[in-house]
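Working notes, beginning with the structure itself.
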Amino acid sequence: NLGVYHPSWVQATATIPRMEFVGPVTDRPAEQYCFLRERLDELAFAEADADEWDSNWWQVSRHVSVAELGESVMSAFENHALPWFDKYSKLEDAVAYLDREYIGKNNAWLEKISAMCGQALLGNLDRAGALYAAALKESVNRNEMQKEFADWRKAHGIVAPA
């Protein structure tokens, strides 16, 4: 599992109760605390036919050459993971990716909220408001969500949807 971590993005969400899972800013974050997350196999085998995908995953058995397996994993890391890390190393690019990737998907309210926080951090308040509205629409507990985000939205200048 891979993750891109931007300390300023994490810091911007530190006071939101629903975002406590990202934890405090750290020098050595675990993947689960990153707003952008991906699996190496999904990056490496993205072009593979869906029916063939399972066969492309690294199989381990007593018949597998450890050296060849290691070469394959390192090749995937160098050719897919490193470019992915580089592509999203700038906060603006990471926020844009999260915003673009999840805005049309249902049940992705947390990703939309994460993108909202990033857009607010970048000063894109109208977009942050639209993302909040989209997330609120999907939330199973809208009233609680509105309460939890009210102070944060006001502090960052995000207008609540009408």
> Which residues' amide hydrogens lie under 5 Å from the amide hydrogen of residue 36, considering only partners 5 or more residues apart or on another chain, with H built in the peptide plane?
Replying inline: 4
>> Give me the percent of accessible area attributable to carbon and sulfur for the chain, probe 1.4 angstrom.
In response: 49 percent
>> Just to be sure I follow the rule: in the chain, considering lysines 8 or more places apart or on different chains, how many pairs have Cα atoms under 30 Å apart?
In response: 14
>> Let me check against my output: what whole-number percent is the relative contact order of the range 58-162, with C-alpha pairs under 8 Å and at least 6 apart?
In response: 19 percent
> Given springs between every Cα pair under 10 Å in a Gaussian network model of the chain, which of 130, 46, 12 has the largest fluctuation?
Replying inline: 46
> Which whole-angstrom value gives the distance between the alpha carbon centres of the range 76-95 and the range 102-162?
Replying inline: 25 Å
>> Running a GNM on the chain with Cα contacts under 10 Å, which residue among 148, 71, 92 ends up with the highest mean-square fluctuation?
In response: 71
>> Before I look further, what does the chain give for accessible area per residue, probe 1.4 Å, in whole square angstrom?
In response: 60 Å²
> Is it possible to state the helix-based mean residue ellipticity at 222 nm for the chain, with each DSSP H run of 4+ residues giving -39500 (n - 2.57), the sum divided by total residues, to the nearest 500 deg cm²/dmol? What is it?
Replying inline: -15500 deg cm²/dmol
> Which residue fluctuates the most in the chain, going by a Gaussian network model with Cα springs under 10 Å, if the choices are 37, 100, 28?
Replying inline: 28
> What's the angle, to the nearest 10 degrees (0 to 90), between helix 109-121's Cα axis and the longest principal axis of the chain?
Replying inline: 70 degrees
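The values are calculated or read from the model by the stated rules, or taken from the named source; none is laboratory data. All values derive from a computational prediction rather than experimental measurement. All accessible areas refer to the heavy atoms of the entire protein, side chains included, with ligands and DNA or RNA removed. Shrake-Rupley method; radii C 1.70, N 1.55, O 1.52, S 1.80 Å.
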